[in-house]
């Protein structure tokens, strides 16, 4: 490695850092003011690129000049900025006060909607944009050619930083943004028009994302995967820099850009892992990022979003769940092969979703990457069954929960040191690490294609028989997890969620209990993953993707986070609807995204929560005396 | 019995340039009610949180029943026999009144990792007995989220008592309560402290509670103890008057008293 090579490598690192900063700065500004982590920021980036490949060729019809190139780029960014305003007015305005889990999900709903809109408008084929006039040549540096456009990008980041600093310090709007980032309530109390401030912030944020996307056009073709690939990187940059801090984002982008440029020389296969590893280390050492402040993330009233009251089964519930269990177990007798397949999947997902709600509903640990442990279980089982060991299904199914539990124990050690939005981001990051490993380590995991031939043992190879294998494992595991919620350990978790201060003051080691819960939930998800692998006959990285984690979250959201059994109802409802609808439409993501948003806005307590509310109201009116009777009877006794 | 329950010696705490604790030293005997008063920002809560383990002192020592507990985390300090209540009541809002106390008992018996028994029935009788002592037994099965604030404070007291503590830390126990409720809660605390020989360290803004129930009072100003003694001694202390009323304020108060005396 000679000097010139290192210089070129450093320069291309700086160019990526610069591009990354432009995008991440928008994300961090929006978070600072609205306290919403906007998943759709990646979608704005993608839209910026698509706008540019549409606008630029049209402009170049008039004159192929550098001036018109920049006019086109800025115009694309401005269009995206307007879309940001639209999103603020139509959606964000309604969810500023809801728990952060709902905010994350709602903005992810926008991601799904935009994906299908882009597909419909621009089609699935990548669109190559025009190259920048006047910047198409290469520059000679130490005898190596370096693209002039990359050189130009290196200066864009500092220029945007400078412009932002000017806006932040010299304009009223900028000063208000800084004030709101420090203390939103106080800004409101001083009579500032909050609606205008928030709308303006979203314009600025979306504009920056769109600018980042439009600037990418001469480097990469606009494609439909741009949104999710950039959003995780932008998350990492804002989290490392400290959420809400623009200079922090700049420093973090520099670190990440250079880390990637040089990491690829040393560990070509695991650059993604390196990036997320850096984030984990930073968060453990500085839980609020390099330049973040604790009060930015904390200090907001978070509604109690977990299980509020552990109701035990009454007569009706016992009857309902007994009937449901009998019905499920009878599927192989009454249903066709398709229903058996769906039944297996529902049981598997029910177990995974139930284990996730042990964390979220009961423990207040908002995991955004539960698919990691599901996927680790699936890969452990699949690789043990097909790899050099050729283990039988029985042994692989024992290994799956162990693997899931070990992964959760390892990641959980870091995760439980954080709380709130940072915790959610870290779980997401760990899920992406796992995804990256499975995706990039082709020799072992088969990469994108995964591994096929993961079949059950001979005695269980009939679908009906395997159905009962899944039934036994998942129902027993769910019953065990449910008992855990009612046992002292579950109460302790809930106590720590209700008030960590109080829990600490009565001798509870909050971190250790959360870590244990994380491990248990990971093991249960791992078991579910193992069962899933043998039912599919194959493993592939989609089992670990963000989409899978979101599916699990959707299940517990549909069922009702504030209920114990909601996860099961949610898994059944969500998976059957998805399985029924997906083949019927080309726009299932659009529908999924819309339903996520509708549930968050209209139906936040989910199905079981709504049933509970209905029964309470009904009970109050018809049998007010009856409801009080048991209490009085207890006192008399 | 000659060694005091709590010995706080030479505590120092700074937050940047702000001195929140300077040479803070005092002792507290078993069964004694000791109040810390002082203007806002005097370092009351800081002192308090250093004893409770929520903050680490920069230097100095805190000794509980002969054992050094300086800088230990709250959960350890609780295990050594220190119960506490918070300025803004901290309870487990998703649980019933009884379950809040049961939770403390579960922790006291080291059962927080138990996975077999049902928590709802564990230590229920003991919890009801403690609730009875604070007058909340008839509310045992109500969700704590539905209680009036004064009752929540009583539940917090019951939770703090569950571990049979030697020392009770109460940060503004009556903040946010109606005057009548305040007196009742302070009387209840004083009675329990006397009958069980529990030392009580509390901070308070309500002077009726302080002068009505404290055995001794510490006056803290800008991190320093400027006066200590019985309520009568503190009441007549000239420096305390100056701090609370200001020099002219004292004169105005004296004048007002003379006038009302004259009018009567």
* Asked: If the label point is 7 Å along Cα→Cβ of residue A:137, which residues in region A:150-181 have backbone nitrogen under 13 Å from it?
  -> none
* Asked: Ordered by packing density, taken as the mean number of other Cβ atoms within 10 Å over each peptide's residues, highest first, how do A:426-439, A:133-146 rank?
  -> A:426-439, A:133-146
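Mean 1/r over all different Cα pairs, inverted: what Kirkwood radius does region A:233-278 give, in Å?
This gives a value of 10.5 Å.
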* If you count, for every residue in B:103-113, the Cβ atoms of partner chains within 10 Å of its Cβ, what is the mean? -> 6
* To do: Report the full-extension gain for the segment residue A:598 to residue A:193: residue separation times 0.36 nm, less the Cα-Cα distance, to one decimal in nm.
  => 143.1 nm
* Asked: Over all residues in A:509-522, what is the mean tally of Cβ atoms on other chains that come within 10 Å of each residue's Cβ?
  -> 1
* Compute the FRET efficiency between residue B:255 and residue B:195 as 1/(1 + (r/R0)^6), taking r as their Cβ-Cβ distance and R0 = 60 Å, and round to the nearest 0.05. => 0.85
* **Projected label distance in nm at residue A:336 and residue A:586, using a 7 Å step from Cα toward the beta-carbon** => 2.7
* Asked: Taking chain B as a Gaussian network, Cα atoms linked when under 10 Å apart, which of B:87, B:238, B:102 shows the biggest mean-square fluctuation?
  -> B:238
* Asked: How would you rank B:34, A:493, going from fewest to most other Cβ atoms within 10 Å of each one's own Cβ?
  -> B:34, A:493
* Report the paramagnetic label zone for residue A:221: residues of region A:109-150 whose backbone N is under 13 Å from a point 7 Å from Cα along the Cα-to-Cβ axis. => A:123-130
* What relative contact order, as a whole-number percentage, does chain A give when Cα pairs under 8 Å and 6 or more residues apart are counted? -> 19
* To do: Give the value in nm², to one decimal: projected area of the alpha carbon convex hull of the protein assembly as shown, averaged over all directions.
  => 46.5
* Structure fact -> Scoring region A:335-470 by relative contact order with C-alpha pairs under 8 Å, at least six apart, yields a percentage of 31
* To do: Round to the nearest 0.05 the FRET efficiency obtained for residue A:3 and residue A:267 when R0 = 30 Å and r is the Cβ-Cβ distance.
  => 0.85
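Give me A:455, B:78 sorted ascending by neighbouring Cβ count inside 10 Å, so fewest comes first.
Starting with the residue having the fewest Cβ neighbours, the order is A:455, B:78.
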* Asked: Which of B:41, B:17, B:110 moves most in a GNM of chain B, Cα contacts under 10 Å?
  -> B:17
* Asked: Roughly how crowded by other chains is peptide B:71-78, in terms of the mean Cβ count from those chains within 10 Å of each of its Cβ atoms?
  -> 4
* To do: Please determine, in degrees from 0 to 90 and to the nearest 10, the orientation of helix A:488-498 with respect to the longest principal axis defined by the Cα atoms of chain A, where the helix direction is its Cα long axis.
  => 40
* Pairwise label distance in nanometres, residue B:65 with residue A:285, each label 7 Å out on the Cα-Cβ vector -> 4.3
* Gaussian network model of chain B, Cα within-10 Å springs - most flexible of B:189, B:47, B:63 -> B:63
* Extension gain, residue A:127 back to residue A:182 (0.36 nm per residue minus Cα-Cα distance, nm) -> 15.7 nm
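Computed FRET efficiency, Cβ-Cβ of residue A:449 and residue B:146, R0 56 Å: what is it to the nearest 0.05?
Efficiency computed from Cβ-Cβ geometry: 0.50.
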* To do: Round to the nearest 10 and give me the degree value, 0 to 90, for the angle of helix A:588-602's Cα axis relative to the longest principal axis of chain A.
  => 70
* Structure fact -> Distance in nm between residue B:18 and residue A:120 label points, each 7 Å along Cα→Cβ, equals 5.5
* How do B:120, B:182, A:312 line up, fewest other C-beta atoms within 10 Å first? -> A:312, B:120, B:182
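For residue A:577 and residue A:61, compute 0.36 nm times the residue count separating them, minus their Cα-Cα distance, and round to one decimal in nm.
So the extension gain works out to 181.0 nm.
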* Structure fact -> Sorted on mean Cβ neighbours within 10 Å (highest first), peptides A:166-175, A:390-399 come out as A:390-399, A:166-175
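Readers should treat all values here as calculations from the given coordinates under stated rules, not as data from a laboratory. All figures in this text were calculated on a predicted structure; none of them were measured in a lab. Ideal geometry is used to build each Cβ from the backbone, glycine not excepted, and the neighbour counts take in all protein chains shown.
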